[in-house]
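Down below is the structure, laid out as structure tokens.
The values are calculated or read from the model by the stated rules, or taken from the named source; none is laboratory data. Please read all numbers here as calculations on a predicted model, not as lab measurements. FYI the Cβ positions are ideal-geometry reconstructions off the backbone, even for glycines, and counts take in every protein chain you see.
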Amino acid sequence: MEPLTGAFHDAITGETIVRELTNEELKSIPQTPGEADDASEPA
Amino acid sequence: MTYPVFATGDVLPASDMNAIGLWKVTTATATNQSTLSINNCFTNNFDNYRIIFMLTAVSANVNFYWRLRASGTDSTAGYYWGGLRVGTLGTSSVNANSPRPGAEVNPSFLSSAIPQGTSTIELSRPNESVNTPFTFVENFNDTTDQQIRSGGGIHLVASAYDGITFGVAGGATMSGIVRVYGWRD
């Protein structure tokens with residue numbers, strides 16, 4: 001599986017870099033892929 | 001003075017230019033990434049912002065989220081929000097969600113087959129050390145229907161933010177464009 005990447009844009013310089021997500025960033029991504037995570041579900 | 005209707009050759013003095021209501025701060029693009037983060041887009045130049053996210057591709061049927069961001073780190077707690085979701089085929093719901101610390105906000109079930117969709121978000125005072133109210137209107141295709149959702153909420157963390165992250169759940173990737181605008185104070 002390809003490592004997940006993120007695009008990081010700086011509004012001051014206008015530059016965008018693409019890099020692999022850090023372990024911390026990966027952990028913060030919701031893992032539920034479908035509607036079980038929808039807002040109509042209980043918290 | 002021809003304000004607010006300008007004519008060819010008019011001089012545009014600062015007083016007129018400073019009265020223009022909506023100013024584009026930046027445009028950011030993602031191509032097959034899991035997240036798109038924009039840094040340094042919220043400053044003390046504006047109190048209120050409009051963000052328009054246009055999805056152009058997604059690798060799987062997944063949820064979509066956004067989060068406020070400060071100094072390169074997303075805030076993953078304190079999002080309170082609710083909304084009305086209307087399906088064009090008649091499947092509708094009221095989304096009165098309780099706070100979901102650490103969870104995503106504005107999830108929509110995106111269809112990889114029909115990924116076109118747009119979310120327009122209004123943020124109030126994200127760059128100030130106060131809670132951040134927001135409203136949103138979005139339309140996305142899910143696997144069975146065209147969904148339209150509108151609502152609002154508050155990020156109940158009294159911190160100043162300088163950026164925003166958009167992302168998709170579950171290890172998927174997306175392509176899209178985000179434009180950030182500031183409303184003239």
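Descriptive notes on the structure:
- Near pairs, Cβ below 9 angstrom, 6+ apart or cross-chain, from region B:57-71 (at positive phi) to any residue that is part of a strand (DSSP E or B) and buried (at least 19 other Cβ atoms within 10 Å of the Cβ): B:Ser71/B:Asn39; B:Ser71/B:Gly163
- Of the residues making up region A:4-13, those that are at the interface with another protein chain (Cβ under 7 Å from one of its Cβ atoms) and assigned to a loop (DSSP other than H, G, I, E, B) are A:Leu4, A:Ala11, A:Ile12.
- Candidate set: region B:46-67, residues that are within 13 Å of chain A (Cβ to nearest Cβ) and part of a loop (DSSP other than H, G, I, E, B); chosen: the one surrounded by the most Cβ atoms within 10 Å (Cβ to Cβ): B:Asn63
- Filtered residue count, region B:120-139, keeping only those that are within 14 Å of chain A (Cβ to nearest Cβ) and either over 16 Å from B:Ile51 (Cα atoms) or among the hydroxyl-bearing types (Ser, Thr, Tyr) (or both): 0
- Filtered by the rule that a residue be part of a loop (DSSP other than H, G, I, E, B) and within 12 Å of chain A (Cβ to nearest Cβ), region B:149-170 gives B:Asp162, B:Ala169, B:Gly170.
- All positions within region A:1-28 that are among the polar types (S, T, N, Q) and surrounded by fewer than 17 Cβ atoms within 10 Å (Cβ to Cβ): A:Thr13, A:Thr22, A:Asn23
- Checked across region B:57-79, the condition of being out of contact with any Cys (no Cβ under 6 Å at 6 or more places or on another chain), modelled with pLDDT of 80 or more, over 18 Å from A:Ser28 (Cβ atoms) and not aliphatic (A, V, I, L, M) holds for at least one residue.
- Test: residue in region B:68-80 that is facing chain A (nearest Cβ under 8 Å), crowded, with 23+ Cβ neighbours inside 10 Å and outside any strand (DSSP E or B): no
- Residues that are closer than 21 Å to B:Ser124 by Cα and buried (at least 16 other Cβ atoms within 10 Å of the Cβ) within region B:81-91 comprise B:Trp81, B:Gly83, listed in sequence order.
Yes/no matrix, rows are residues, columns are (1) at pLDDT 90 or above; (2) assigned to a helix (DSSP H, G or I); (3) of a type in the set (S, T, N, Q):
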site	(1), (2), (3)
A:Glu2	no, no, no
A:Val18	yes, no, no
A:Leu26	yes, yes, no
A:Pro42	no, no, no
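- Residue list for region B:28-45, restricted to those being buried (at least 19 other Cβ atoms within 10 Å of the Cβ) and part of a loop (DSSP other than H, G, I, E, B): B:Ser34, B:Cys41, B:Phe42
- Residue within region B:174-184 that is modelled with pLDDT under 90 and either closer than 27 Å to B:Gln33 by Cα or aliphatic (A, V, I, L, M) (or both) present: no
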